[in-house]
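A.B. asks: One structure coming up, written as structure tokens, with questions to follow.
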Amino acid sequence: MPLRTLTSIFGILCALLAFGCQPDCRLMCEEIEEADCAGGSAPDCESQCKHDRDLVTNAGCEEDYDALLACYNDLENICDAFEICVSTDPDCDEPECSDEAEDLGDCYIDYCEDHPRNNECEALIGKPI
């Protein structure tokens with residue numbers, strides 16, 4: 001096989017693998033729901049992920065969002081990202097992925113402070129007066 005053909009096939013394969021291996025919000029949400037991390041109050045994953053994607057795109061937070069999903073994807077137990085413990089407990093650690101979640105939250109807040117009338121922001125900061 002000519003080198004040019006091998007290079008083309010390798011390039012296409014790399015592109016497909018890079019695209020195909022990104023964490024998927026809906027699959028991640030369903031994993032969280034199945035693990036019952038939220039204690040029975042799981043959202044509708046399809047609409048939640050659509051809402052998240054809209055806000056991420058509008059706010060320009062794609063990098064922070066992808067980092068958070070990648071962190072969730074790397075966890076052995078997805079619920080480790082949602083552990084809540086009493087601050088007086090000496091064995092209490094911050095939930096996994098908390099830095100990534102904080103970065104994404106900061107990005108959302110920056111956007112929503114500048115766009116308070118955006119429907120996606122009302123859940124985060126409330127309705128504007």
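A.B. asks: Taking the range 1-59 on its own, how many of its residues are aromatic (Phe, Trp, Tyr) and either modelled with pLDDT of 60 or more or surrounded by 12 or more Cβ atoms within 10 Å (Cβ to Cβ) (or both)?
C.D. replies: Of the residues in that region, 0 qualify.
A.B. asks: Are there any pairs with C-beta distances below 8 angstrom linking a residue in the range 28-53 that is part of a loop (DSSP other than H, G, I, E, B) to a residue that is surrounded by 13 or more Cβ atoms within 10 Å (Cβ to Cβ) and modelled with pLDDT under 80, with the two at least 6 apart or on different chains, and if so which?
C.D. replies: Asp36/Ala42; Cys37/Phe82; Ala38/Phe82
A.B. asks: Sticking with this structure for a sec: For the range 40-69, which residues satisfy the criterion of being hydrophobic (A, V, I, L, M, F, W, C) and under 22 Å from Asp110 (Cα atoms)?
C.D. replies: Hits for the range 40-69 are Cys49, Leu55, Val56, Ala59, Cys61, Ala67, Leu68, Leu69.
A.B. asks: I'm checking my understanding of the structure. Among residues of the range 69-84 that are touching a residue at least 40 places away in the same chain (Cβ under 8 Å) and not in a helix (DSSP H, G or I), which one is farthest from Glu100 (Cα to Cα)?
C.D. replies: Per the criteria, the residue is Asn77.
The values are calculated or read from the model by the stated rules, or taken from the named source; none is laboratory data. This one's a predicted model, so the numbers in the text were calculated from it and none came from an experiment. Cβ coordinates were reconstructed from backbone atoms using ideal geometry, including for glycine residues, and neighbour counts include every protein chain displayed.
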